[in-house]
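> Take this structure first; my questions come after.
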Amino acid sequence: MEHYHERDVSFELHEVNILEAGDEDLKEISQESGVGLSLDEMKMVKEHFEELGRNPTDLELEAIGQAWSEHCCYKSSKPILKDTVFDIEAPQNIYVIEEDAGVVEFDDEHAYVVALESHNHPSAIEPYGGAATGIGGIVRDVACMGAQPLAFVDPLFFGPLDIDHDDLPPGTKHPRYLFDGVVEGISDYGNRLGIPTLAGMVYFDESYTSNCLVNVGCVGIAKKNELIRSRVKEPGDVFIMAGGRTGRDGIHGVTFASDELKEDSEEEDIQAVQLGDPITKEPLIHVSLELNRKDLLQGMKDFGGGGLSCVAGEMALHGGYGAQVQLDKVPLKEEDMAPWEIWVSESQERMMYAVKEEDVDRVLEICEKWDVEATRIGKVIDEKRVKVYYEDEKIMDLDLEFQTGGPVYCRPTKSIDYTDELVEKIPKEPEDYEKVLLNLLSRDNINSKEWVIRQYDHEVRENTVLKPLQGVLGKQGPGDAAVVKPLEDSYKGIAITTDVLPSLTSLAPETGAMNTLDEAIRNLVAVGAEPHSFADCLNFGNPEMPERLGDFKRVAEGLESVARELTIPFVSGNVSFYNETEYGAVNPTPSILATGLIDDIREAVTIDLKGERNSIYLVGETTGEMGGSEYYSMVGGKTGEVPEVDVENLETSIEEMLEAHSKDLIMSCHDVSIGGLGVALSEMCLAGDVGAKIDTKTELRPDKFLFSESPTRWLVEVKEEDEEEFEKVFSVPTEKLGVTQDKRIEIGINSEVIDVGLEKIRERWKKTLGKKMGD
């Protein structure tokens with residue numbers, strides 16, 4: 001049978017012959033059109049149109065395909081998320097898990113806004129454009145809430161940089177090429193937009209070789225009385241489309257993101273990657289915020305996944321109404337675009353405004369002042385339908401609740417204990433601890449990320465207090481969290497960090513997720529900030545495989561068990577499934593953007609040791625679990641014993657560390673994380689260009705004490721005269737390890753000794769990554 005019948009109109013429009021289609025025809029239609037619907041979903045569509053007594057137009061089928069994609073409707077993850085991380089009630093919540101970004105109280109008059117999303121598949125086939133447009137999308141999510149963007153973050157994940165080209169799966173780009181392109185895309189877009197990139201991480205693992213992950217986040221600030229929703233207010237409101245023109249770039253972006261990458265993805269799906277233009281974006285943000293400040297907007301939403309197909313319907317339905325759109329009014333990059341292409345295009349740099357009729361002329365005048373193209377394209381209607389016209393021909397008339405509702409699946413899950421599959425291998429105790437420490441510091445998951453950070457502008461806007469690199473000029477180390485001062489007339493600040501521990505989540509998803517939040521919290525507390533909110537970007541493989549969804553469920557449960565107990569809400573998030581190829585799935589990767597508040601940014605603490613003859617304390621207990629540690633990865637060790645998080649101990653530790661901060665007892669501080677105590681101490685010494693002498697006894701093997709990644713630990717520098725008062729603050733385990741000294745690190749643990757100069761350490765830590773990337 002013929003699947004499509006051309007309509008007798010002056011433009012390209014087809015009727016999809018779904019009513020006569022059998023199962024094989026339905027599958028072929030879904031594949032040919034690129035809507036990405038399963039057979040069962042196509043049957044649901046067929047049943048709906050049987051009730052209407054007609055076939056859908058190509059535009060209507062495309063609209064349903066976009067709205068029902070995993071990327072847009074969370075059809076596999078929603079039931080699990082509702083039972084776990086959603087609805088953590090906290091007094092700071094304003095708009096949580098209900099808008100394009102989370103909105104959280106900052107002070108009596110202001111709110112901060114956070115969002116974190118993925119741009120994985122586009123970056124895997126076109127790294128520069130994929131990463132750049134990821135930044136372009138996340139900044140719109142924050143701005144469309146009425147917030148001024150303050151900072152970007154970028155957790156990034158790639159395959160090993162030294163993998164041989166011959167070992168790459170067919171169709172896979174080399175990790176060095178992807179890494180270079182992604183960083184350049186983020187740098188070019190963020191720097192040109194004039195927003196600093198302040199926090200992030202880079203992690204390398206074989207599971208990301210054929211499917212890199214590019215997660216991007218944004219934090220902004222807004223006056224509470226200027227917050228705006230992504231919804232309309234009343235029938236008769238006018239839809240105004242502002243910003244860039246609509247083209248063929250980004251078509252089927254959400255359906256591309258809702259399927260596995262394949263060997264021919266670049267050839268078949270390159271049109272799904274959008275084209276970014278930060279020079280168009282900057283005035284669009286300015287004009288959007290000005291219109292909002294002048295109370296000329298009823299609602300505002302960015303053009304994200306699904307393009308106009310999703311933005312018009314979602315804005316209308318969330319307000320309780322419907323939409324009527326005159327599609328031929330949309331400004332185009334290319335004149336010969338079919339209506340369905342216009343409807344689903346995800347071209348960048350576009351905003352949708354809902355405006356009162358009497359304010360339309362004023363809105364258009366202000367857009368013209370900013371040289372931002374703006375066009376009236378439709379209106380809000382009373383019935384919950386979306387009606388689309390092209391040259392006065394009705395080409396779409398759909399029930400909005402059917403279109404945007406989408407299916408929800410309670411898919412089967414399978415819980416696998418990956419630690420049972422390990423054949424335990426305990427390495428011999430090292431003969432040369434200095435060599436082990438130097439080798440750890442040069443590993444790509446630990447060494448200096450200055451090659452990345454220096455490509456980003458973290459000074460622009462002049463509100464960055466703590467930067468990504470901290471310490472003595474030219475010798476800085478990696479800060480635990482960045483701190484920004486969002487208001488001119490207040491010293492209150494926002495601390496920002498990102499974290500995830502794929503080595504642990506791949507072994508024990510729930511425990512790994514708990515450790516991830518523990519580390520994010522430690523980073524905030526290290527600088528003196530009180531943990532305040534989380535946003536998550538949950539990157540997993542194919543949810544139709546029970547073991548993949550089982551990992552997802554256990555990660556969500558792990559995140560909830562920490563966040564709910566501490567009353568720190570998840571305020572925004574994203575789920576990215578289908579990060580998988582025929583060669584396997586990525587490790588469970590729940591990226592976290594953690595935000596904290598600090599009452600006085602002048603009291604923020606950095607990681608660099610401040611001088612000689614000060615005391616060095618370890619807050620927290622070191623245990624012997626080595627599962628998932630970077631040290632075991634380096635020496636070939638294997639064990640199913642992974643670090644466990646004691647949430648009650650974590651809560652007490654937070655309170656006591658913040659009390660020590662408030663009493664001005666902490667000179668410098670660094671959380672103990674990847675690489676363990678040995679790496680953390682080295683980073684503090686490098687940042688301050690100050691040495692340390694440690695002398696302690698332990699019942700553990702010295703390598704476990706030095707390189708274990710036990711949670712809920714900090715290294716703290718304290719003045720000698722403050723030791724007694726510092727120790728009185730803590731009920732959790734606290735031990736004086738040693739003192740600061742000249743430019744050597746001396747570590748004595750039982751009978752084992754490390755004695756190495758700072759410059760030798762700096763050489764290994766600082767230059768390794770840059771050399772690999774050609775600097």
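The values are calculated or read from the model by the stated rules, or taken from the named source; none is laboratory data. In this text the structure is predicted, and so the values were computed from the model without any measurement. When we count neighbours, we look across all protein chains shown, and the Cβ atoms used for this are built from the backbone with ideal geometry, even at glycine. Just so you know, the surface numbers come from the protein's heavy atoms only, side chains and all, with ligands and any DNA or RNA stripped out. Shrake-Rupley method; radii C 1.70, N 1.55, O 1.52, S 1.80 Å.
> For a protection proxy built on the mean count of beta-carbon atoms within 10 angstrom, sort 145-153, 227-235 highest first, please.
Listed from highest to lowest mean packing, they are 145-153, 227-235.
> Same structure, new question: Tell me the per residue accessible area of the stretch 730-775 using a 1.4 Å probe; a whole number in Å² is fine.
Here the residues of the stretch 730-775 average 50 Å² of exposed surface.
> Ignoring any ligand, DNA or RNA, what whole percent of the accessible area of the stretch 548-706 comes from carbon and sulfur when the probe is 1.4 angstrom?
40 percent
> A further question on this structure: State the extension gain, in nm to one decimal, for the chain segment bounded by VAL408 and LYS743, taking 0.36 nm per residue of separation less the distance between their alpha-carbons.
Between VAL408 and LYS743, full extension yields an extra 114.6 nm.
> Treat each spin label as a single point 7 Å out from the Cα along the C-beta direction, and report the LYS760 to GLU401 distance in nm.
7.3 nm
> Would you mind getting the accessible area per residue of the stretch 602-716, heavy atoms of the protein chains only, 1.4 Å probe, in Å²?
Result: 32 Å² per residue.
> Next up: Which of LYS704/LYS771; LYS449/LYS704; LYS475/LYS767; LYS435/LYS475; LYS224/LYS485 have a Cα-Cα distance over 19 Å? List each step's numbers first, then the result.
Values: LYS704/LYS771 30 Å; LYS449/LYS704 26 Å; LYS475/LYS767 12 Å; LYS435/LYS475 22 Å; LYS224/LYS485 17 Å.
The pairs that break the limit, which is 19 Å between Cα atoms, are LYS704/LYS771; LYS449/LYS704; LYS435/LYS475.
> So, one more: At what distance in nm do the modelled label points of ARG54 and THR375 sit from each other, each positioned 7 Å from its Cα along Cα→Cβ?
That separation, rounded to one decimal, is 2.5 nm.
> Once you keep just the Cα pairs under 8 angstrom separated by 6 or more residues, what percentage relative contact order results for the stretch 132-221?
Value for the stretch 132-221: 55 percent.
> Highest mean first, what order results for 533-544, 129-140, 575-586 on Cβ atoms within 10 Å?
Put in order of decreasing packing, that is 129-140, 533-544, 575-586.
> Counting alpha carbon pairs within less than 8 Å and at least 6 residues apart, what relative contact order, in whole percent, applies to the chain?
After rounding, I find 15 percent.
> Further question on the same structure: Excluding residues fewer than 8 places away in the same chain, name every one of the aspartates and glutamates whose C-alpha is closer than 12 Å to that of LYS379.
GLU234, ASP237, GLU357
> Heavy atoms only, probe 1.4 Å: what % of the accessible area of the stretch 394-487 goes to carbon and sulfur, would you let me know? Write out the running numbers ahead of the final one.
On the way: 2170 of 4540 Å².
The C+S portion of the solvent-accessible surface of the stretch 394-487 is 48 percent.
> Between TYR177 and ALA338, what FRET efficiency comes out of the Förster formula 1/(1 + (r/R0)^6) with R0 = 41 Å and r the beta carbon distance, rounded to 0.05?
0.75
> Let me see the P(r) profile for the stretch 373-520: every Cα-Cα distance counted, bins of 5 Å, each bin given as a percent of all pairs.
2, 6, 7, 10, 10, 10, 8, 8, 11, 11, 7, 4, 3, 2, 1, 0, 0
> Sticking with this one: For the chain, report the convex hull volume of the alpha-carbon atoms normalised per residue, in Å³, without decimals. All intermediate terms of the calculation are to be shown ahead of the outcome.
Details: hull volume 115.9 nm³, N = 775.
That works out to 150 Å³ per residue.
> Another question, then. Reachable lysines from LYS728, Cα under 21 Å, same-chain residues fewer than 8 places away excluded?
LYS728 reaches LYS663, LYS719, LYS736.
> Accessible area per residue for the stretch 140-250 in Å², computed with a 1.4 Å probe and the full protein assembly in place, what is it?
Normalised by residue count, the accessible surface of the stretch 140-250 is 28 Å².
> As a check on your grasp of the helix formula, calculate [θ] at 222 nm for the chain: sum -39500 (n - 2.57) over DSSP H runs of n ≥ 4, divide by the residue count, round to the nearest 500.
Value at 222 nm, helices only: -10000 deg cm²/dmol.
> A follow-up question, please. Checking the cross-link filter: which lysines have an alpha carbon closer than 18 Å to that of LYS553, excluding same-chain neighbours under 8 positions apart?
LYS75, LYS78, LYS82, LYS414
> Moving to a separate point now. Mind ranking SER503, SER345 by accessible surface for me, highest first, 1.4 Å probe?
So the residues, ranked largest to smallest area, are SER503, SER345.
> Just the projected area, averaged over all directions, of the convex hull on the alpha carbon atoms of the stretch 118-201: how many nm²?
Orientation-averaged projected area of the Cα hull: 5.5 nm².
> Turning to a different aspect of this structure: Quick check of the Kirkwood formula: for the stretch 556-611, what is the inverse mean of 1/r over all pairs of different Cα atoms, in Å?
Computed over Cα pairs of the stretch 556-611, the Kirkwood hydrodynamic radius comes out at 15.4 Å.
> Modelled label-to-label distance, TYR491 and LYS435, 7 Å Cα→beta-carbon offset: nm?
5.1 nm
> Here is a follow-up. How high is the FRET efficiency between ASP107 and ASP382 when r is their beta carbon distance and R₀ equals 35 Å, given to the nearest 0.05?
Numbers: r = 40 Å, r/R0 = 1.13.
Efficiency for this residue pair is about 0.35.
> To continue, here is another question. Out of the total accessible area of the stretch 307-356 (probe 1.4 Å, heavy atoms of protein only), what percent is carbon and sulfur?
It is 38 percent, rounded to a whole number.
> Report the gain in length on full extension from ASP23 to LEU700: 0.36 nm times residue separation, minus Cα-Cα distance, nm rounded to one decimal.
The span from ASP23 to LEU700 would gain 237.4 nm if fully extended.
> Report the full-extension gain for the segment GLU6 to ASP295: residue separation times 0.36 nm, less the Cα-Cα distance, to one decimal in nm. Working shown, then result.
Details: separation 289, 0.36 × 289 = 104.04 nm, distance 4.52 nm.
Full-extension gain reported as 99.5 nm.
> If I require 18 Å or longer along the helix axis, counting alpha carbons, and a Kyte-Doolittle average no lower than 1.0, what helices from the chain are left? Use full DSSP H segments. Intermediate results must be reported in sequence, preceding the final value.
Details: long enough: 39-52 (20 Å, -0.72); 127-143 (24 Å, 0.54); 175-193 (27 Å, -0.31); 278-293 (22 Å, -0.14); 509-527 (28 Å, 0.13); 546-566 (30 Å, -0.57); 647-662 (22 Å, -0.41); 676-688 (19 Å, 1.39); 758-772 (22 Å, -1.69).
Answer set is 676-688.
> What fraction of the DSSP beta bridges in the chain is antiparallel, stated in percent and rounded to the nearest 5?
On the way: 101 of 124 bridges.
Rounded to the nearest five, the antiparallel share is 80 percent.
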